[in-house]
Amino acid sequence: MINIKEAIVNKLEALDADVHFLQAPLKPKFPFILYREDDNSASTFTDDKEFSSKIIYVIDIYVKGSTSYLTTEVNRIMTEEGFLRTLCKDIADPTEGVQHKTIRFIQYKII
């Protein structure tokens, strides 16, 4: 198993947005980013030992206004970390004026 959470979070925290794990506080400051590691499982084995891992991250962006800048920056960060974007879509948000974008990334990493 590979733990890359710290490297990703450090880069996300450099953006102009609050970063939270799994859920935002009750009264969040906008813009903010939610992240979670959706999967970190063994992908292949060699000589009965894990050789590579499949890692999936889901990142949600919440802004009052356009999500374009943060979406582009999050994609750049994750691409630099070796991830491939597999989903990027707008999500309906009941809060007036709030735009929500969810992005999923996958990576197969050799241990």
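The values are calculated or read from the model by the stated rules, or taken from the named source; none is laboratory data. Here the structure is a predicted model, which is why all the values come from computation and not from measurement. Methodologically, a virtual Cβ is constructed for each residue, glycine included, from the backbone with ideal geometry; neighbour enumeration extends over all protein chains shown.
Pick out, from the stretch 23-111, the strands (runs of 3 or more DSSP E) lying fully within it that include 1 or more residues that are touching a residue at least 60 places away in the same chain (Cβ under 8 Å) and at negative phi. Break it down into steps so the answer makes sense when it comes.
Numbers: elements: 32-46, 49-64, 84-91, 98-110.
Once the strands (runs of 3 or more DSSP E) in the stretch 23-111 are filtered for at least 1 residues that are touching a residue at least 60 places away in the same chain (Cβ under 8 Å) and at negative phi, what remains is 32-46, 49-64, 98-110.
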What number of residues in the stretch 1-36 are at pLDDT 95 or above and in contact with a Lys or Arg (Cβ under 6 Å, 6 or more places away or on another chain)?
3
Any chance you could count how many residues in the stretch 22-77 are surrounded by fewer than 17 Cβ atoms within 10 Å (Cβ to Cβ), among the β-branched types (Val, Ile, Thr) and touching a Phe, Trp or Tyr at 6+ places or on another chain (Cβ under 6 Å)?
1
Whichever residue in the stretch 88-111 is farther than 21 Å from Ala17 by Cα and either in contact with a helix residue (DSSP H, G or I) (Cβ under 8 Å, 6 or more places away or on another chain) or not aromatic (Phe, Trp, Tyr) (or both) and, among such residues, is surrounded by the most Cβ atoms within 10 Å (Cβ to Cβ)
Gln107
The stretch 71-111, residues that are modelled with pLDDT of 95 or more and among the basic types (Lys, Arg):
Arg76, Arg85, Lys89, Lys101, Arg104
Kindly evaluate Glu81 against the criterion of being closer than 16 Å to Ala7 by Cβ, out of contact with any strand residue (DSSP E or B) (no Cβ under 6 Å at 6 or more places or on another chain) and of a type outside the set (Gly, Ala, Ser).
yes
